[in-house]
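**Q** Structure in structure tokens, see below.
Each reported figure results from applying straightforward, stated rules to the coordinates on display, with no laboratory input. The structure displayed is predicted, hence computed values, not measured ones. Using ideal geometry, Cβ is built from the backbone for each residue, glycine included, and neighbour counts are taken over all protein chains shown.
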Amino acid sequence: NKIEDDYVMGEALGKGKFGSVFLCRSKATGVEFACKTLPKGEETVHKEVEIMQHLSGHPGVVTLHSVYEDAESFHLVMELCSGGRLIDEMTKEGRYSEHKSANIFKDLMLVIQYCHDMGVVHRDIKPENILLTASGKIKLADFGLAMRIANGQSLSGLAGSPAYVAPEVLTGDYGQKADIWSAGVLLHGLLVGVLPFQGDSLDALFEAIKSMQLDFHSEKWQSVSKLARDLLERILTRDVAARITAEEVLSHPWMMFYTERTL
Ligand code: ADP
Ligand code: MG
Ligand code: MG
């Protein structure tokens, strides 16, 4: 079948580096989905599909519903996240309370832990790729840069978005811990409303990522708890071996204190 046989296309939901994402509706059931259309010649689409299928067992991963192929493109029909992107919510909100930050970050860490347990490094953790459902639950999206790695294997080569990229990605071999760093950059954004590493040029930004120390004495940190600062320090540690894992983040006292208890 062609995609037009099974779905009616609707408005654009977003535009990425390689493709566009449109709202679509199943002709058979009336259910709405998101359709990511990727032009052919982009060989990574097979990997993106394979990794989404591999990770389909977790509620925090955007579900891939079906895939279509025509002469020009691949079409990935995915679960619709109608709550939009976390980045847009962050821009509106400015800064999040510790309570709200912790609940979002816990859900993010649970899905990252799942990816890592499944041997996947996402490599593009940022709030543009974290989507929200109608009820406000987060869903990790965009596995276009994700890689499967075997135990003990490492990756090389620059990948990701400059402001979120881990220092070891800039200089050498890296693995799952690179996602933890990126998530830490995001947590900084949630807690203080700005990203930790900035620069007027790409070189200046990368220099900051490699060497800038967080200044917890500055004004913007005064309203943030010591527990949050402690967690952030353990995540934005340049020594990869010393940087904490997703599992350790989940049992950090800040998480324990600020997330809702569920039985
Ligand atoms: P790219 O690899 O080009 O960055 P993404 O997979 O990140 O593509 O999708 C681009 C944008 O499309 C997202 O930032 C988001 O705005 C929108 N989008 C992607 N997937 C969905 C989805 N399942 N539901 C709603 N919007 C989506
Ligand atoms: Mg994206
Ligand atoms: Mg992508």
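**Q** Eigenvalues of the Cα gyration tensor times 5, then square-rooted: what semi-axes does that give for the chain, in whole angstrom, largest first? Kindly include the intermediate steps, with their values, before the conclusion.
**A** Details: eigenvalues 208, 88, 59 Å².
Output for the chain: semi-axes of 32, 21, 17 Å.
**Q** Could you list which residues have their amide H under 5 Å from that of residue 66, counting only those 5 or more apart in sequence or on another chain, with H placed in the peptide plane?
**A** Those lying under 5 Å, H to H, from residue 66 are 77.
**Q** Ok, one more. Order by neighbour count: 8, 45, fewest other Cβ atoms within 10 Å first, most last.
**A** Least crowded to most crowded, the residues run 8, 45.
**Q** When the dipole is taken about the Cα centre of the range 133-248, and only Lys, Arg (+1) and Asp, Glu (-1) are charged at their Cβ, what size is it in debye, to the nearest 20?
**A** Result for the range 133-248 is approximately 360 debye, rounded to the nearest 20.
**Q** Report the residue, chosen from 203, 230, 117, that carries the largest GNM mean-square fluctuation when the chain is represented by alpha-carbon nodes joined by springs under 10 Å.
**A** With Cα springs under 10 Å in the chain, the top fluctuation among 203, 230, 117 is at 203.
**Q** Going by a ≥ b ≥ c, the root eigenvalues of the Cα gyration tensor, does the range 124-257 fall in the rounded group (a/c under 1.5), the prolate group (a/b larger than b/c) or the oblate group?
**A** rounded
**Q** Multiply the residue gap between residue 93 and residue 32 by 0.36 nm, knock off their C-alpha separation, and tell me the result in nm, one decimal place.
**A** 19.2 nm
**Q** Let me ask another. May I ask you to list the aspartates and glutamates whose Cα is less than 18 Å away from that of residue 126, ignoring any residue fewer than eight positions away on the same chain?
**A** Leaving aside aspartates and glutamates fewer than 8 places away in the same chain, those within reach of residue 126 are 48, 88, 89, 93, 107, 142, 168, 179.
**Q** Which trypsin sites (Lys or Arg not before Pro) does the range 179-263 hold that lie in a coil by DSSP with at most 11 other beta carbons within 10 Å?
**A** Loop-located and lightly packed - 261.
**Q** Between the helical axis of 177-192 and the dominant principal axis of the chain, each derived from Cα atoms, what acute angle in degrees is found, rounded to the nearest 10?
**A** The angle comes out at about 70 degrees.
**Q** Here is a follow-up. Starting from 0.36 nm per residue, how many nanometres of slack lie between residue 212 and residue 173 once their C-alpha separation is accounted for?
**A** Additional length available on full extension: 12.0 nm.
**Q** Among 221, 181, 254, which comes first, second and so on when ranked by fewest other beta-carbon atoms within 10 Å?
**A** Listing 221, 181, 254 from fewest to most nearby Cβ atoms yields 221, 254, 181.
**Q** Could you check the simple spin-label distance between residue 201 and residue 154, using points 7 Å along Cα→Cβ, in nm with one decimal?
**A** Distance between label points: 2.9 nm.
**Q** Output wanted: per-residue J couplings in Hz (rounded whole) for the range 87-92, from phi through Karplus 6.51 cos²θ - 1.76 cosθ + 1.60, θ = phi - 60°, x for Gly and Pro.
**A** 4, 6, 5, 5, 4, 5
**Q** Counting only residues 5 or more places away or on other chains, whose amide H sits under 5 Å from the amide H of residue 16 once H atoms are built in the peptide plane?
**A** 21
**Q** Here is a further query. Starting from the Cα-Cα distance between residue 4 and residue 134, subtract it from 0.36 nm times their residue separation and give me the gain in nm to one decimal.
**A** 44.2 nm
**Q** Then there is this: Of 236, 178, 154, whose Cα points farthest to the positive end of the dipole of the chain (charges on the beta-carbon: +1 Lys, Arg; -1 Asp, Glu; origin at the Cα centre)?
**A** It is 236, whose Cα lies furthest towards the positive end.
**Q** Please state the shape class of the range 39-195: rounded when a/c is under 1.5, otherwise prolate if a/b exceeds b/c and oblate if not, all from the C-alpha gyration tensor.
**A** Numbers: a/c = 1.71, a/b = 1.19, b/c = 1.44.
Here the range 39-195 falls in the oblate category.
**Q** Quick one: what are the phi-derived ³J(HN,Hα) couplings along the range 30-37, Karplus 6.51/-1.76/1.60 with θ = phi - 60°, whole Hz, x for glycine and proline?
**A** Once θ is set to phi - 60°, the couplings for the range 30-37 become x, 6, 8, 9, 10, 10, 9, 9 Hz.
**Q** Within a 10 angstrom radius of the beta carbon, how do 73, 97 rank from fewest other beta carbons to most?
**A** Listed from fewest to most nearby Cβ atoms, that is 97, 73.
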